[in-house]
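**Q** What follows is a structure written as structure tokens; I'll ask about it next.
Derivation of every value follows stated rules applied to the coordinates shown; laboratory data play no part. In this text the structure is predicted, and so the values were computed from the model without any measurement. Because the Cβ atoms are built from the backbone with ideal geometry, glycine has one as well, and the counts that use them run over all protein chains shown.
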Amino acid sequence: MHLVPASAFQTQPWKNGGGLTHEIAREELDGHLLWRLSIAEVASDGPFSAFPGLARILTVIEGAGLRLDTPDGALDALPFAPVHFSGDLPVTSRRIDGPIRDINVIHDPERIAASVRILDTTAPFDCPRASGRRYALLATGTGTCLDTTDIPAGAIGFFEQGTATSTAAPPAILVVLEQIPA
């Protein structure tokens, strides 16, 4: 497992300048983004940055949530309920009740299949090895482990196989990134 503490995240302004994001990791191929994981701080209402040709999965990890207004209708991004939408979609967010933090998975849907799973305390989650697949486990609180290794609160562990468990409240976030065969 490759452990990345929160202190190693790269803080930068949003693409549209409207807030801050803490980039955890990214992978590119020939200058093209394959995937990116980041944690955003949303302290005010406003437009989302556009990511043409990419897909997004947003999961609120702190705060009451967001109302995402789009031309296709409103989406509610509530705590620990992943919301999927196109990076092409114009989105304006309204905070439900104060600031929030969220984890964003941005990926090229033609090259990477991505999913987000919320790990609660009900049972361990087996993460089997597969060609082109990797996992990322975000500890949003204490009590998150990969096999027998604790992941400190706020850190994320990248791995290729193992058993993820969480006794944490709030729950842990498991991201699965899988290369789509050409």
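**Q** Once you have the Cα-Cα distance between Leu20 and Ala6, take 0.36 nm times their residue separation minus that, and quote the gain in nm to one decimal.
**A** Contour length minus Cα-Cα distance gives 3.6 nm.
**Q** Hey, got the dipole for the range 60-116? About the Cα centre, +1 on K and R Cβ, -1 on D and E Cβ, debye to the nearest 20?
**A** Charge dipole, the range 60-116, about its Cα centre: 160 debye, nearest 20.
**Q** Could you give P(r) for the range 67-106, binned at 5 Å from zero, as whole percent values over all Cα-Cα pairs?
**A** 6, 21, 33, 29, 11, 1
**Q** If you don't mind, another one. Estimate the FRET efficiency between Arg133 and Ser44 by the formula 1/(1 + (r/R0)^6), using the beta-carbon distance for r and 22 Å for R0, to the nearest 0.05.
**A** It comes out at approximately 0.05.
**Q** Between Ala123 and Ala81, how many nm apart are label points set 7 Å from Cα along the C-beta direction?
**A** According to this spin-label approximation, the distance is 2.4 nm.
**Q** Full extension from Thr149 to Gln179: what is 0.36 nm times the residue separation minus their Cα-Cα distance, to one decimal in nm?
**A** 8.2 nm
**Q** Estimate the FRET efficiency between Glu27 and Thr167 by the formula 1/(1 + (r/R0)^6), using the beta-carbon distance for r and 41 Å for R0, to the nearest 0.05.
**A** For R0 = 41 Å, the calculated efficiency reads 0.85.
**Q** Diagonalise the Cα gyration tensor of the range 81-145 and give the resulting equivalent ellipsoid semi-axes, square root of 5 times each eigenvalue, largest first, whole Å.
**A** One finds semi-axes of 25, 21, 9 Å for the range 81-145.
**Q** Could you compute how fast the range 44-182 diffuses translationally, taking Rh as the Kirkwood radius over C-alpha pairs and applying Stokes-Einstein at 25 °C with viscosity 0.890 mPa s? Give it in µm² per second.
**A** This corresponds to a translational diffusion coefficient of 155 µm²/s.
**Q** Want the number for Ile96 to Ala64: 0.36 nm per residue separation, take away the alpha-carbon distance, what's left?
**A** Stretched fully, the Ile96-Ala64 segment lengthens by 10.9 nm.
**Q** Follow-up. What per residue convex hull volume, in Å³, comes out for the range 9-107 when only alpha-carbon positions are used?
**A** 86
**Q** Using Cβ counts within 10 Å as a stand-in for footprinting exposure, how do Val105, Val4 rank, fewest first?
**A** Fewest to most other Cβ atoms nearby, the residues stand as Val4, Val105.
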